[in-house]
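Notes for the one structure printed next.
The values are calculated or read from the model by the stated rules, or taken from the named source; none is laboratory data. This one's a predicted model, so the numbers in the text were calculated from it and none came from an experiment. No Cβ is skipped: glycine too gets one built from the backbone with ideal geometry, and neighbour counts run over all protein chains shown.
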Amino acid sequence: MPTPGPSPSSDERPHDDRGPMLLGVSWGLTALASAFLGLRLYCKLNIRRGLWWDDWILIAAWCTIVATDATTTVLVNDFNYGMHDWDLNIYNPPRFMVIIYSRATLSITAAVWTKTAFALTLLRLTTGMTKAFVWFIIISMNIAMGFAAMVPWIQCKPLAKGWIMDLPGTCWAPRVGSKIWIATGAYSAAMDFTLAILPWTFMWNIALRRKEKIGVVVAMSMGAV
């Protein structure tokens, strides 16, 4: 029977750093989103239509995305975020946990606000039961994902025990928060597909040529995704 080999030393462990790639992808996608948002606002203001609620919510979502990227940048630069556990530099655990919690809340908020903005756009194009269904999506998404965004800040009593481990108090079991995030993540993905498909159910009846209809619904579906 072969004897187990020695455990790898610290020098034999992988020390690859994905932090720069994480920052590049995050800020790159934010730059792309900024370009699309800028074009949207320019077109609306240029034709003197003004901004509606969906535009303002998109602007708020963009701000939360930038804030999310900022917290990611701090984590990468100050704590070696993006490296393996054994290479993390958590010299200040409370600060690290507060930034992690803030990043989670900001990213969830950005996700639900972008979906809400698109759903508000659909409200202006729908009637009857379809309009009521869109309202259901808006309300249910904001309740579910709003709760998920608050989990880091309500899971412990007192609040500070969430980042000061030796503080007297109680916290939820780790699996509780994980199950909430998994459930809301699945619901969020389902709403992505629903919002992407929804334009096909009513835009097909508008008075446009077939190619124009396809172009409109594909563009709207991409906007939902």
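Looking across segment 131-160, just one residue is more than 19 Å from ALA60 (Cβ to Cβ), surrounded by 15 or more Cβ atoms within 10 Å (Cβ to Cβ) and among the polar types (S, T, N, Q), and that is GLN155. Restricting attention to segment 134-172, the residues that are touching a Ser or Thr at 6+ places or on another chain (Cβ under 9 Å) and in a helix (DSSP H, G or I) total 16. Taking the criterion of being among the charged types (D, E, K, R) and at pLDDT below 90, the residues of segment 83-124 that qualify are ASP85, ASP87, ARG124.
The C-beta contact set for segment 41-62 (first residue of a type in the set (Lys, Arg), second residue in a helix (DSSP H, G or I) and loosely packed, with under 13 Cβ neighbours inside 10 Å, distance under 9 angstrom, 6+ apart or interchain) comprises ARG49/CYS43.
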